[in-house]
Amino acid sequence: MRLLLDLARGMLARRRRQTLVSVFGVALGVAFFIAIAALMRGFQTYFISQIIDVAPHITIKDEMRDPPPQAAALAHPEGAVAIAGVRPQDRVRGIRAAGDKLAMLEAMEGVAAAPVLTGQALLRYGSRDVSVTIVGIDPVRHARVSNIQKDMTHGRIEDLRATANGLIIGEALAQRLGVGLGDTIAAVSPRGVTLSMKVVGLFRTGIQTLDQQQGYALLKVNQVLQDRSNVVNQIQLRLRDVTRAEPLAREIEARFGDRTESWEEQNKNFLTVFVIQNAVMYSVTGAILLVAAFGIYNIISTVVYEKTRDIAILKSLGFTERDIQMLFLVQGIVAGLLGAVLGCVLGAVMIEGLAQVRFGVEAPSGSDRFILARDWRVYLLASGFAVLAAGIAAVIPARRASRLDPVQVVRGAA
Amino acid sequence: MSDGPADPPLLAAERVTRTLPEGVTLVADISLRFARGEFVAITGPSGSGKSSLLYLLGLLDRPTEGRILLEGRDTAELDAEELAALRLARLGFVFQFHFLLPEFSSLDNVLIPIRRLGRLDAAAARAQAMRLLGTLGLDAAATKLPEQLSGGMRQRVAIARALANDPALILADEPTGNLDTKNAAAVFDIFERLVREEGRTVIVVTHDPDLARRCSRRVHLVDGRVVSDGPASG
Ligand SMILES: Nc1ncnc2c1ncn2[C@@H]1O[C@H](COP(=O)(O)OP(=O)(O)OP(=O)(O)O)[C@@H](O)[C@H]1O
Ligand SMILES: [Mg+2]
């Protein structure tokens, strides 16, 4: 093996410039892959962490995934009965036996659960009306499933309990209404209930729809406002291990029958975009590596062509076809490895270069620079792919070399 | 010098014919035996099949009919890898062109077959290669690249490489074809020593009647057939 390496080195050294060019091609492919992956994954990881941070990991809703079967359809399972235009008999009842379900969920390891009643309301202050979603919460439990405490700029979530009809709203909403901390505003629900509520806290999440159109009140208070006593229409869960969200959601839905959505399902649109983004990224860098692989194919082919005599003498000396094949495969892999190492260095330099870039504008994320993921596995993946591509590129000329008939060459060279 | 009655000859060709797929016959119905310590010249006009015969005897090519036996073993039964292993360990080739690897020094070129065989450790392999270069008067050339050597020196390095694994049989195809008379005589001096002092068998294709006369036996080919086989001085 050492001998093959020495021979390979000697042969590549003869074509130093060409070798350098193809090594550099591989390096560029690897470097771009690493840099782009750092950018995209950085952004995506940031985005997902924001989602995971703000939204519940799992939401149990007071809906069924499919409408309940109608009696007529049940009576004629095979029959050509189609029922359309079914209207709900009475208003949605909320999650049945929410208390029992909550207790079961809270008994699970690594799961925090909180009951919620959401409903629309009109907030009125002076002559201004703004339609909002009021989220009725249990402050102690809610603190365990969400980060609103962290996002609060004034007051605390427990203040809801200290004040009768307390309300926490977004800063942007407060600005629109022209209210401040301690002001009392009127809330009118679609059922016609009017409560006078006191602003006890303000928050800012950075997400416009939340900051402008959401308010928090006590669960009990919202039940009164919505005229739905003892009703809970959502159970929100937070998990210690986010990756369990999807399977756990399926498990809960199977057990309870209530529609249960993981954060992944709720953000399917974004995640699909990410999948497409990643596909584009991998194909572009894959294409660069493919071009680099052609470079390697080219140089190994050239070397095989130029080294016909050397191959012939090695074979006549007693080198086997396998030896010759390995000799050129090694050259491809060495070129791929050199390219990979150089590419990793170049990629790291590019990432640090990107890290220096300042946009000069304050982004909503509070950062004015690229969010970069520095993950050693990306380096490993890119390098592995480069070496593999180089190896494959070398296989074809290597096989050609190994099949060369020394007699033909020796005869011709005399 | 000759084999005992029970011993098989070092190399034997039995009714060997080599025909190309296109129908050209390179050599036809050749039967020859070569004993240990023989110094054989193969002569004949251009195109008479001398090289073709040498490639067959050297296991680089396979006969289409007949068989080649090396030390009593029928080589037709061996696969390509086994033939390669035999060439590596038992045979040494010298061609008209030296075929030295241009990127490597004389020493490294001689080391290639030794390292491939892998019987010696690095130090012993080096010592063996240096000893061979030394006996051929190439001590000073050891670290030089082929392009830095004269034609005669290159050919002697090629001979050193052929001798690297201490082969029983050396096959040479017009090894002096590119050399002047003095260098050609030097190459034959080496061959003579290999036969006389070391008991090896040397089979050499040559055009030169003077050089052929230095051998102990001469096989003359015409149109791919042996027309005479006897003492060279005749
Ligand atoms: N691949 C081939 N295709 C067709 N004819 C071939 C081929 N190889 C050899 N020949 C022919 O076979 C014959 C024998 O060739 P060979 O090289 O063995 O002769 P030679 O005695 O070594 O000649 P020289 O003295 O010129 O080296 C020649 O006529 C040659 O033209
Ligand atoms: Mg010839």
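The values are calculated or read from the model by the stated rules, or taken from the named source; none is laboratory data. These numbers come from a predicted model, not from an experiment. Please note: Cβ atoms are built from the backbone with ideal geometry, for glycine as well, and neighbour counts cover all protein chains shown. Side chains are part of the model used for accessible areas, which takes the heavy atoms of the whole protein and leaves out ligands, DNA and RNA. Shrake-Rupley method; radii C 1.70, N 1.55, O 1.52, S 1.80 Å.
Per-residue answers, yes or no, for (1) assigned to a loop (DSSP other than H, G, I, E, B); (2) buried (at least 17 other Cβ atoms within 10 Å of the Cβ):
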residue	(1), (2)
B:ARG18	no, yes
B:PRO21	yes, no
B:GLY66	no, yes
B:LEU100	yes, yes
B:PHE104	yes, yes
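For region B:68-93, name all the residues that are open to solvent by 20 Å² or more (accessible area, probe 1.4 Å), free of Cβ contacts under 8 Å to residues at least 60 places away in the same chain and more than 9 Å from chain A (Cβ to nearest Cβ).
Answer for region B:68-93, where residues must be open to solvent by 20 Å² or more (accessible area, probe 1.4 Å), free of Cβ contacts under 8 Å to residues at least 60 places away in the same chain and more than 9 Å from chain A (Cβ to nearest Cβ): B:ARG73, B:ASP74, B:ALA76, B:GLU77, B:ASP79, B:GLU82.
What is the one condition in (1) open to solvent by 10 Å² or more (accessible area, probe 1.4 Å); (2) of a type outside the set (D, E, K, R); (3) in contact (Cβ under 8 Å) with a residue 40 or more places away in the chain that B:ILE112 does not satisfy?
Answer for B:ILE112: the failing condition is (1).
Go through region A:96-129 and give me each residue that's at positive phi and open to solvent by 40 Å² or more (accessible area, probe 1.4 Å).
Answer for region A:96-129, where residues must be at positive phi and open to solvent by 40 Å² or more (accessible area, probe 1.4 Å): A:ALA97, A:GLY126.
Can you pull out the residues in region B:47-64 that are touching a residue at least 24 places away in the same chain (Cβ under 8 Å), near ligand 1 (Cβ under 9 Å from one of its atoms) and not in a helix (DSSP H, G or I)?
B:SER48, B:GLY49
Residue check, B:MET130 against (1) buried (at least 21 other Cβ atoms within 10 Å of the Cβ); (2) more than 19 Å from the chain's Cα centre (by Cα); (3) more than 16 Å from ligand 2 (Cβ to nearest atom), all met but one. Which one?
With respect to (1) buried (at least 21 other Cβ atoms within 10 Å of the Cβ); (2) more than 19 Å from the chain's Cα centre (by Cα); (3) more than 16 Å from ligand 2 (Cβ to nearest atom), B:MET130 is out only on (1).
Listed residues A:THR163, A:THR243, A:THR184, A:THR260; which is within 29 Å of A:ALA97 (Cα to Cα), loosely packed, with under 14 Cβ neighbours inside 10 Å and polar (S, T, N, Q)? Lay out the reasoning, then the answer.
Numbers: A:THR163 fails: loosely packed, with under 14 Cβ neighbours inside 10 Å; A:THR184 fails: within 29 Å of A:ALA97 (Cα to Cα); A:THR260 fails: loosely packed, with under 14 Cβ neighbours inside 10 Å.
Matching residue, one of A:THR163, A:THR243, A:THR184, A:THR260: A:THR243.
For B:LYS144, which of the numbered conditions (1) in a loop (DSSP other than H, G, I, E, B); (2) under 21 Å from A:VAL410 (Cα atoms) fails to hold?
(2)
This table checks each residue for (1) under 23 Å from A:ARG15 (Cα atoms); (2) open to solvent by 30 Å² or more (accessible area, probe 1.4 Å); (3) within 14 Å of chain B (Cβ to nearest Cβ).
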position	(1), (2), (3)
A:ILE296	yes, no, no
A:ASP310	yes, no, yes
A:ASP323	yes, no, yes
A:VAL334	yes, yes, no
A:GLY339	yes, no, no
A:GLY343	yes, no, no
A:ARG369	no, yes, no
A:TRP376	no, yes, no
A:ARG403	yes, yes, yes
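Based on what the data block shows, is B:LEU26 open to solvent by 10 Å² or more (accessible area, probe 1.4 Å) and within 16 Å of ligand 1 (Cβ to nearest atom)?
Yes, satisfied.
(1) modelled with pLDDT under 90; (2) closer than 19 Å to A:GLU261 by Cα; (3) open to solvent by less than 90 Å² (accessible area, probe 1.4 Å): which one isn't true of A:PRO67, the others all being true?
In the conditions (1) modelled with pLDDT under 90; (2) closer than 19 Å to A:GLU261 by Cα; (3) open to solvent by less than 90 Å² (accessible area, probe 1.4 Å), A:PRO67 misses (3) alone.
Of the residues that make up region B:28-41, is at least one within 9 Å of chain A (Cβ to nearest Cβ), part of a strand (DSSP E or B) and within 13 Å of the chain's Cα centre (by Cα)?
No, region B:28-41 contains no residue that is within 9 Å of chain A (Cβ to nearest Cβ), part of a strand (DSSP E or B) and within 13 Å of the chain's Cα centre (by Cα).
Do you know which residues across region B:37-53 are touching a strand residue (DSSP E or B) at 6+ places or on another chain (Cβ under 9 Å) and either near ligand 2 (Cβ under 8 Å from one of its atoms) or hydroxyl-bearing (Ser, Thr, Tyr) (or both)?
Residues satisfying the conditions are B:THR43, B:SER48, B:LYS50, B:SER51, B:SER52.
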